[in-house]
Structure formats: C-alpha cells, structure tokens
Amino acid sequence: MTVIIGLEIHCQLNTKTKLFCGCSTDYRDDGPNTHVCPICLGLPGTLPVTNKQAVLYALKVAKALHCKVPAFSEFARKNYFYPDLPKAFQITQYDKPLALGGYIDNEAENGGEKRVELTRIHMEEDPGRLVHKGSGDRGRYTLVDYNRSGVPLIEIVTEPQLSSPKEARRFLNKLRATLEYLGIYDSEREGSLRVDANISIKGYERVEVKNITSYKGVEKALTFEITRQKGMIRRNAQIVRETRHYQEARGVTTSARSKEMEHDYRYFPEPDLAPLEVSSWVDEIPLPELPDARRDRFVQQYGISQNHARTLTGDLKLAEFFEEIASDMPEIAAPWTADILLGELNYRDMPVTKVPVPHYGALLLEVKKGSVTDTSAVEILRLILNQVMEGQQPEMPGEIIARLGLSKEKGDSIVDTVASVLRENEAAVADHRAGKAGAINFLVGQVMKATRGRADPKEIAKIIADLLKE
Amino acid sequence: MVSKEDVAHIATIADIGVDESELDLFTGQFNAILDYFDVLDSVPIGGDAAPLRKNVFRDDEVVPSLSHDEVLMNATDPEDGFIRAPRVI
Amino acid sequence: MGSRYSFDNPDPHNAFITICREAEYGEGPLSGIPVAVKDNISTAGIETTCGSNILKGYIPPYDAHVITHLRSAGAAIVGKTNMDEFGMGTTTESSAFGPTLNPADPTRAPGGSSGGSAAAVASGMVQMALGTDTGGSIRCPASFCGIVGLKPTYGRVSRYGLIAYANSMEQIGPLAGNVRDCALLYSVIAGYDPRDGTSLDLPAPAPLKAEIAGKRIGVPAEFFGEGVDPAVAKTVQSGIDRLEGLGAEIISCSMPSMQYALAAYYVTSMSEASSNLGRYDGVRYGTAPDFVRSWHDAYSHIRKSGFGEEVRRRILLGSFALSAGYQGKYYAKAQAARQMVRNDFARLFETVDMLAGPTMPCVALPLGETSDPLSMYLADILTVPANLAGVPAISVPCGTAHNLPVGLQLIGKHRSEDEILSAALAFEEGSV
Ligand SMILES: [Zn+2]
C-alpha cells in the first residue's frame, strides 16, 4: 500500500508588528489581550494596511525555495465564523497567491536526495487563541485572547509527494532549517510552525489532518493516521474523504464531522487592500548561505563527512555553534558535536545555544590532547550540561577532571589494575586462551569498570595481550 | 430559482437564524431580486480590470496597542483578561 | 478645546439617535459650529450603533479619521444621526430607532440612508452634517429634504472609522443647507490618511468660486429613462435649462452600461456586506450573546434578533452571490459590469466636464409605503453609477415636483470635487 502525503505548513514570520496593524508580535510573555488594537480586534470601521516587511520576508522564502513570483497577486477574504476570528473572515490569498511552484531537495531513504515540489506559498493572518473553560453543556464556555490575531503567516503547500512519516519529518526539518537561515522565523516561539497534512493510501480517499501544532508531532500524527487507514482497508471499511483533528495529548486523529464545520468560504478579493505587484523586487532580495550550501562548504572547509556536515547544518544555531569551536580541530569537533553532543541535547530537550562554548571547546581540547578517555569526556559533558540545566555556573573541564580524578590512567598504574583483573577472572582468561571470542571484551570491560572509564580500551587490550603473553 | 432549502442552507453558512415563517417570505423575495440580477447574464466577462492602485504598504513599526481596559470595555463578562465567547466544544 | 456648545433643541423629526447636549469645541474653521454625525461613523466615547440593535451600547475606543478632523477644526459634535440600519436603505425607515420624518413633509420619509443627517440640516437643528454614501445615501436624502449633499471621489475622504457596509463604494461626505457650507465641511474632512489603504494623497481643495460658464455638461438619455417620475424629470430639465442659461454647453449623450448598474451595485454591495457584517456576534462588543448556547447556535440567535429584516435579507443574498457555484454568475459578472460603468464614464469624460440629471427618479415617499425590497432598490438607479465608478457627485436643490423638493445631480470626473462644487454654487446662486 503506497502512502501519499502532502503538507501545508503555516509559519509565523518574525516581523516586529502584525500583518495589517502596528501591534507588536512580541506578546508571549504578556497577559491575554494586551497586544490588541481596533484593527486586530476587528472593531467596526477599522481597515487593514499591509506590513511591507512581511511581504519582503515572504518573498525571501519564495526566492530561497525556488518559487515563481507572479506579476500580480492579491489578498482575499476567507469568510467563516469562529470565536478566534474577530472579523469573521481571515485575510489570506486565494486564487492569486504570492508565489507558485518551487521545491526543496530532501534527504531520501538511501541517503541521497529527493526533490519535493511545492504548489504555492501565500500570506495570511493568524487567528486568536481559544481557551476552553467550565463543564457541562450549560457551564462550558470559551475564553479568547486576540494577542495572536493578525500575526503574519506564510502557508507553504507541498505537492503530494512525500511517502512516509519519516520522510515528512525530514522534509520539515529541512524546511525549518531553511526558514531559520533566512532569519524570517523564530523557532523558539511556541506555535510558530504548524502543520496540516493530507494523507491517503494510493487508490483510496484523501483525509486532511489539521491541528498539528508542533512540528515534532507530525511524524506521530501521520503514523497514527496511516495505521488507521491501512487498518480500515484491511477490514474492508470505507475511508471517507474528511477532515480530522490531531489530538496531541492522546496522539490520535478524530473526525471533525460536526455540522458547525460546514463551510463555504465565499472567497472574494479584499476590497480594502490594493493588489501586490512585487515580482520585480525578488532580484534585489539578498539570500544568506542556505543549509545545502553550508553543508557543502563544511565538507570542503573542514574536511568532515557529508553526513556530519548535513547534521551540523540542519539547524542554524548548531551550525553557528560548530563554526565557533571547529576551527582548530574539526576532525574531533564534527563527530563529537553531531553524534554525542546532539544526542545529549535531545535527551535533555536543551537548545544548543545554552551550551557554554568555552567549556565545550576546552573539553574537546582535552580529548584532542588525549588527557581523558572518551568515556570520561562524555561524563564531563553530561556534568556540564546538567549544571547548565540546573542554572548553576558550569565547571571548566579541567576542574572536573581534577575534582573527580578523571585523568586518563596510563602505563604502570593500568598494568597493575589489569593484572589484578586477570587474577580475579581466571575463567575468562582460560576462555581467552582457549580462543573464545568475546572473552577479551569482557576483560577489557572489567578493567574499564575498575578504572571508572579513565583508561583507553585499546591500550587495555594491548596490556592484556602483553601480560598474557608473559 | 432558489428553494426554501437553499435559503435555509445559506442562513446556516451566514450564521443567521431564519424562522420557518420567514423562509417563504425570503424565498419569494430572493427569487424576484435574483430574477432582476439575471440582467448580468448578458455582461461579457473580460480580462481582469486594471487595478486602481497597487502596492500600498506600511513600515514595520510598532504603534501603541489599545489599553487592556479599552480592549475589554465593550465585551461582556471578561475573565482574567480574556474575552468570553460561547463554548466551541 | 474648552468651549462648550449647548445643544438642547427638540428633535421633532427623530433625526438623532444620540444627542450630545453639551458639546465641546475649539478653534478652527468650524469653531463653534454644530455638526451632526451619521451614526455609522466611530466616535470615541459616544455610542455608535449604525441604527442597529446589534450595536446598542457599543462605545468605540477610537475616533474615525473624519472625527479627528472635525475636532481639530473646532466643530461642536452635537450628536449621532439616525440612519437605515448599517446604511441599507433609501428611507431611514429600517433604523432600529424608528423612522426619521422629512422636515419638508413630516408624513414622508427623508430618504436614506443618511436621513437623520439630512433632516437635522433641513430642519435647521444643525448647520451641517456628515453622511455616508454607498449607493446614494447622501444624495438621496439631500434631494428629498431639499438640501445639498456631496459624495466625494472614492479615496478622497478616509474611511478609517466608517463602519463598513460596502467598502469598495462608500465614502463619507458633507450635507448642508447650501453649497458654501457643504464645501466648507468637505474641505475639513478631505485628505490623505495612511490608515486607509484606498486613501488618495491629493492637494487640499481649492477655494470655492461660482463657475459654470463654458463647461460642457453631458446629459445621458438613460438619466431620464423609464421609472423617472415625469414631474421630477420636468423640474430637473428646467434646472438643466438654467445651467445652459448660465453659460454651460449642454450635450446629449448615452450611457449604455446603465442597464447593468443597479444589479452590479446590489450584487457587489450585498456581497461585501455579507462579509463585513459577519463580525457582529456580540462577543467583543454590542449586545451580548447567550453564553448558554454553543457558539454557532448563539451566533445565529444574536444575528437573528440583533439585525433587522433588510440587513438579514442583504446578508443572505450577498452570501448567496458569493457562494460556491454562484460566484461566477453574480459576483464576477457584477465586477465586469462595474468595469463597463467605469469605461462609460471614462469615455464620456473625454468630451464633457460633468454629467447632469435627476438625483432621484422620484420625490420623497410617504412613510411606510415601501414594503417590497426590489422596488425600493430600483429608486437607487441614478445614484449608484457614481459609486460603482468612484467618481464624485453632488445633489443640489433644483425646485419642486408635487410640492416636494427635487435634487439636480452633477457627476464629475475623478478628483473633480472642486469643479462640481463650483458648478453647483453657480447653479445655486443663479437660482436665487
Ligand atoms: Zn492590532
């Protein structure tokens, strides 16, 4: 059963002000309805005026994603009712969007690249935010915060060309990185990237899943929905063309069947806004170095592997972090950052920007000098990250090494430890002498344990061999 | 010709209650008015009209918002700074 | 600021929804002049209802651009005038605050939708008033009440703060007892406003001087077509003869797109209105919804009880005209017809300076006479073309028919308010 996925990605642009009024978009630390004016509250008599910066940002995205910008585009009203929509219409773009076509080269299953084509990019305003309160049919009510109302969004629509949740996740990572590189989007703002997905099994009806509010939820939501659809096909049940909502907390999609969702959006051109004729601006919009170019440069400049380069450039902050510490020792910094540090950060859900550069750089230097083992170095890294997470001033690696006695054990002191491990594990020594594979690994492990990781496994193996030869 | 069902459907889309008794009245009036609008059938559809204006923008500069009190002053029973609306779920 | 204007006149014609008995005023060209404002123009701190129950109690937290101008010109804003609900009418009878009576004959309607503003001026309660004109709503009541009313070029006066009925066609404009007062109020409110993206950045209006000799005035045959009361036609024809007597050159012409104008106007205005009026759900302002109901139910309920019948009719028809499967037949065709009207004006204005004809095809109607919506719509046939094309138009008193006032309409080129005001002044002075 072939899976077909198309995505609609809503991205908040990080302009200073909203799309059609001068209210600040920097509302996340403030109370409800504190960044609201007559325009974004939809008071009678108000008129929208388009934020030029938002158009420039959207065009920047269009250029970076290789879209065509038509000579003429316009805003339209999408009419529907909902308490988060203060005018009862959303100003968006309909049949004359800002940009058409375009593509993203996405990492494919085989490690190569697969081109995912885009349908269009258009601009629109964000609705407000609802909070559900009370209980019982008569007691329930809704509270509305219009701070978000009018924040500029771009909606990026892909062709249905993604074939697995994993591929969709990779696509979103790549897109997110590109948007970050462009400086038009702030990934740390909650809800700044939201996704709707169209999912079908080839030969069956298409289902739209809305309300995937975190891009991390996409893979889960898609996996659930595909499993649901495949299950229905196996049971010979009919898949109906419908809109479903993703319930983040439960990880399931549920049907949005209510009659209240019956829509006829009655689009028509927004009479209060002049059309856009901005295609000629595109040439003059400067683009920064984008993830693909930076990846290629990393391979060239630092001599690191394609895979490490791809990982390190997959996030703007990570790439910038890497460049800060890489210059002296890229061969150590690349695997350490891409393989070890990233894993530790994900485990802690900690942004790379919180990693203290001097500490991390000093740690890599200790590794390079060979003064600690890799195992000890990981232990030191964890300690430093934990100290940062707990809000403490992190210790420098040298201090930690001295405090915990983590200097790599070398020469005689290890020979003594190895000798005693061999005495205590005669059975394993016998197995080893009998040519049993695996016995040596066990012995090395015992020595590592005895030195609390302060010895280098290769050196241990060599000493074991030497001692047993005697 | 629009039917009573058409009018009822549009009333749902437009979120406007219409009584059963009004449906007949509106349906009759709508048909008379829509008949009159049929004069537009003979209008040739040309290309897009040249827009009267284009590219009207403002700069990305913050303008003071309303005070919190002004935002809430016309709303009924605001709660914790939020505006109250009927339940949606 | 500082001075106070005491306004405690009786209001026998129900011209006002809200009266400000003590109005502050300051220095400026309108210093101490009482000005009435139509109740669809937002006034900070003064209830603004649009003549609708759904907005009862709504106090705007901001001033419309024209109100800012009025205040800084020193005007005393003495109240908010009655109107057809949301501007949707030709009689001011659809107001939730009861009909306004025509001072020229209190058994008749003043016309609409700015009937309250026209009656306030015609009865002498105020010297001048602001109205709004979407399809004739300034010119119609000016004609029926025997005063002067100007609809400016689309974009000449900021719409910021004007509660929208049909955005692409409406303008705020002055009503006054004579052309000079009308021009004075116009000069105060005209000007660029960056908050209105359709606002025009033009030089200030020129000083008014009577001027008509040598002007070429076109008279389209369609302006005297079917449906025009012969008595009205006769009065207006004699007015046009007077224009000729004052030195104007009268040129017969034709405007074939008139056959589409009314339908194009109503389809467009209803479509825009259906969208503009979606926001009235009681949540953020206006009459509160029933919080015990679920939102869709509560919205339907408040929008049924809060809106009057004509408003609901237009919202429903506009929603229909934009709905899937019908948009091409109605909305799209109306836009094409609108372009034909624009083209007709452009063609005519290559050879004439302005057009003249009756403002309305009839005189003021008895109160309660119009129950059939379509026949009420038909009365707008002569005023809607200027709104479709965005050109300025003025109605000046031209005499009487059936002992009731009749207005002469002059329609000018885009941005030619100065020219039609000058012509209207010459006509007015020549008539004295
Ligand atoms: Zn705002």
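Average partner chain C-beta neighbours within 10 Å, per residue of C:176-189? Spell out each step's value before the answer.
On the way: counts 0, 0, 0, 0, 0, 0, 0, 0, 0, 0, 0, 0, 0, 0.
Going residue by residue through C:176-189 and averaging, the value is 0.
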Exercise. Per-residue mean of other chain beta-carbon atoms within 10 angstrom of the beta-carbon, peptide A:81-94?
Worked result: 4
Problem set entry | Residue-by-residue Karplus 3J(HN,Hα) for the stretch B:75-85, coefficients 6.51, -1.76, 1.60, Hz, glycine and proline x | 8, 9, 6, x, 9, 6, x, 8, 9, 8, 9
For this session: Measure off 7 Å from each Cα along the Cα-to-Cβ vector at A:Asp296 and A:Asp339, then give the distance between these two points in nanometres to one decimal.
Result: 2.7
Exercise. Distance in nm between label sites at B:Asp38 and B:Glu61, each 7 Å beyond Cα in the beta-carbon direction?
Worked result: 5.7
Exercise. Once Rh for the stretch C:260-331 is found with the Kirkwood sum over Cα pairs, what is the Stokes-Einstein diffusion coefficient at 37 °C and 0.692 mPa s, in µm²/s?
Worked result: 251
Exercise. Calculated from DSSP H runs of 4 or more alone, at -39500 (n - 2.57) each and per residue, what is the 222 nm mean residue ellipticity of chain A, nearest 500?
Worked result: -11500 deg cm²/dmol
Seminar exercise, completed: When the charge dipole of the stretch C:183-340 is computed with +1 on Lys and Arg Cβ and -1 on Asp and Glu Cβ about the Cα centre, the Cα farthest towards its positive end, among C:Ser238, C:Ser319, C:Tyr299, belongs to C:Tyr299
Exercise. Per the Kirkwood treatment, what hydrodynamic radius in Å, one decimal, follows for chain C from the mean inverse distance over all distinct Cα pairs?
Worked result: 21.3
Exercise. Can you give the Rg to Rh ratio of the stretch C:345-432, both from alpha-carbon atoms, with Rh computed by the Kirkwood formula?
Worked result: 1.02
Problem set entry | Positive dipole terminus of the stretch A:371-470, leading residue within A:Gly398, A:Ala437, A:Ala427 (C-beta point charges) | A:Ala437
Seminar exercise, completed: chain B, Kirkwood Rh and Cα Rg, ratio Rg/Rh at 1.18
Exercise. What ³J(HN,Hα) values, in whole Hz, does the Karplus curve 6.51 cos²θ - 1.76 cosθ + 1.60 give for the stretch A:231-238 when θ = phi - 60°, with x put for Gly and Pro?
Worked result: x, 5, 5, 4, 7, 6, 8, 8
Problem set entry | Bins of 20 Å from zero: percent of alpha-carbon pairs in the protein assembly as shown | 12, 36, 27, 14, 7, 3, 0
Problem set entry | Ordering of C:73-79, A:364-370, A:163-169 by packing [mean C-beta count within 10 Å, highest first] | C:73-79, A:163-169, A:364-370
Exercise. What is the Cα radius of gyration of the stretch C:83-183 over 2.2 N^0.38 Å, N being its residue count?
Worked result: 0.96
Seminar exercise, completed: In this structure, the FRET efficiency calculated for A:Ser280 and A:Glu188 from their beta-carbon separation, with R0 = 30 Å, to the nearest 0.05, is 0.30
Seminar exercise, completed: Eigenvalues of the alpha-carbon gyration tensor of the stretch C:132-225, times 5 and square-rooted, give semi-axes in Å, largest first, of 23, 18, 15
Problem set entry | Efficiency of FRET between A:His263 and A:Asp105 - r from beta-carbon atoms, R0 35 angstrom, step 0.05 | 0.50
For this session: Compute the length gained on full extension between C:Ser72 and C:Ala288: take 0.36 nm times their separation in residues and subtract their Cα-Cα distance, giving the result in nm to one decimal.
Result: 74.3 nm
Exercise. What fraction of the DSSP beta bridges in the protein assembly as shown is antiparallel, stated in percent and rounded to the nearest 5?
Worked result: 80
Exercise. What is the distance, in nm, between label points placed 7 Å from the Cα along the Cα-to-Cβ direction at C:Thr351 and at A:Thr2?
Worked result: 6.5
Seminar exercise, completed: If amide H atoms are modeled at 1.01 Å from N in the peptide plane, then the residues at a separation of 5 or more from A:Glu270, or on another chain, having amide H under 5 Å from its own are A:Phe75, A:Ala76, A:Arg77
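What trypsin sites (Lys or Arg not before Pro) does the stretch B:5-78 have in DSSP loop regions with at most 13 other beta carbons within 10 Å?
B:Arg53, B:Lys54
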Exercise. From the phi of every residue in the stretch A:336-352, what ³J(HN,Hα) in whole Hz does the Karplus formula 6.51 cos²θ - 1.76 cosθ + 1.60 yield, where θ is phi - 60° and glycine or proline is x?
Worked result: 5, 6, 6, 9, 9, 4, 4, x, 5, 5, 4, 4, 9, 6, 10, x, 5
Exercise. Which far-off residues, 5 or more places away or on another chain, put their amide H under 5 Å from the one on C:Tyr5, with H placed in the peptide plane?
Worked result: C:Ala23, C:Glu24, C:Tyr25
Exercise. Amide H neighbours of C:Glu249 under 5 Å, counting only residues 5+ apart in sequence or on other chains, H built in-plane at 1.01 Å?
Worked result: C:Gly214, C:Lys215, C:Arg216, C:Ile217
For this session: Provide the three semi-axes, in whole Å and in decreasing order, of the ellipsoid equivalent to chain A as defined by the square roots of 5 times the Cα gyration tensor eigenvalues.
Result: 53, 26, 23
Exercise. Using mean Cβ contacts within 10 Å as the protection proxy, how do C:377-384, A:424-431, A:32-39 order, highest first?
Worked result: A:32-39, C:377-384, A:424-431
Exercise. Expressed in nm to one decimal, what extension gain is obtained for the pair A:Ser255 and A:Lys469 from 0.36 nm per residue of sequence separation less their Cα-Cα distance?
Worked result: 69.9 nm
For this session: Select from chain B those GluC sites (Glu not before Pro) which occupy a DSSP coil region and have at most 15 other Cβ atoms within 10 Å, ordered by residue number.
Result: B:Glu61
Problem set entry | Structure-based [θ]222 nm, chain C - -39500 (n - 2.57) summed over DSSP H runs of at least 4, per residue, nearest 500 | -10000 deg cm²/dmol
For this session: Compute the normalised compactness of the stretch C:244-298: alpha-carbon radius of gyration over 2.2 N^0.38 Å, N being the residue count.
Result: 2.27
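Ranked highest first by the average count of other Cβ atoms within 10 Å around their residues, in what order do C:269-276, A:233-240 fall?
C:269-276, A:233-240
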Problem set entry | Per-residue average of Cβ from other chains inside 10 Å of B:6-12 | 5
Exercise. So if R0 is 30 Å, what FRET efficiency would C:Leu374 and C:Ala206 give, r being the distance between their Cβ atoms, rounded to the nearest 0.05?
Worked result: 0.10
Seminar exercise, completed: Any trypsin sites (Lys or Arg not before Pro) in the stretch C:44-153 that lie in a DSSP loop and have at most 15 other Cβ atoms within 10 Å would be C:Lys56
For this session: Starting from the Cα coordinates of the stretch C:288-423, work out the convex hull volume and express it per residue in Å³.
Result: 170
Exercise. Scaled to the compact-protein estimate 2.2 N^0.38 Å, what is the alpha-carbon radius of gyration of the stretch A:157-269, rounded to two decimal places?
Worked result: 1.17
Problem set entry | Global size of the stretch C:1-120 as Cα Rg and Dmax, reported in angstrom | 13.9, 40
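Every number in this text was worked out from the coordinates using simple rules, so none of it is lab data. Quick caveat: nothing in here was measured; it's all calculated off a predicted structure. Positions of Cβ are backbone-derived with ideal geometry, glycine not excepted, and every protein chain shown enters the neighbour counts.
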